[in-house]
1. Taking strands (runs of 3 or more DSSP E) that do not extend beyond the range 21-118, which have at least 2 residues that are crowded, with 18+ Cβ neighbours inside 10 Å and among the hydrophobic types (A, V, I, L, M, F, W, C)?
2. Return yes when Leu8 is in contact (Cβ under 8 Å) with a residue 12 or more places away in the chain, surrounded by 10 or more Cβ atoms within 10 Å (Cβ to Cβ) and either outside any strand (DSSP E or B) or hydroxyl-bearing (Ser, Thr, Tyr) (or both) and no when it is not.
3. Just for the range 74-118: of the residues that are at pLDDT below 90 and polar (S, T, N, Q), which one is farthest from Ser13 (Cα to Cα)?
4. Determine whether Phe43 is under 23 Å from Ile76 (Cβ atoms) and at pLDDT 95 or above.
5. Of all residues in the range 1-34, count the ones that are of a type outside the set (Val, Ile, Thr), at pLDDT below 95 and in contact with a strand residue (DSSP E or B) (Cβ under 9 Å, 6 or more places away or on another chain).
Amino acid sequence: MDIVSLALQLILSLSILVVLHELGHYLPAKWFKTRVEKFYLFFDPYFSLFKKQIGDTEWGIGWIPFGGYVKISGMIDESMDKEQMKQPAQPWEFRSKKAWQRLIIMLGGVTVNFFLVY
């Protein structure tokens, strides 16, 4: 096998793992009626290779092939988004959910990884 085919196999394998991991966050968030703004494979600074809006969620593929992410409404870095912290939490936001629900959403990806390994 040549190096290009090995690299493509590696990227495809890791992409499957990333998508499953991110689904581990996405599914509990949706079960708890939390708005998910974005679901991306790879990172998308400045532009995306593909994106499609389905309901409240933008599904896409970025152009930097490292990981992926799920952007959940109300899951903010308090040190970065001072303006949103001043607003009251909305019912569909992560920060308005009960502690046990937030924990399940955050641990969802790790839980999927655990079950994939064992």
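1. Those strands (runs of 3 or more DSSP E) span 36-43, 64-72.
2. Taking the combined requirement at face value, the residue does not satisfy it.
3. Selected residue: Gln87.
4. Considered against the rule, which asks whether it is under 23 Å from Ile76 (Cβ atoms) and at pLDDT 95 or above, Phe43 comes out as no.
5. The qualifying residues number 2.
The values are calculated or read from the model by the stated rules, or taken from the named source; none is laboratory data. Just so we're clear, the structure is a prediction, and the values are computed from it rather than from any experiment. Backbone-built Cβ (ideal geometry, glycine too); neighbour counts: all protein chains shown.
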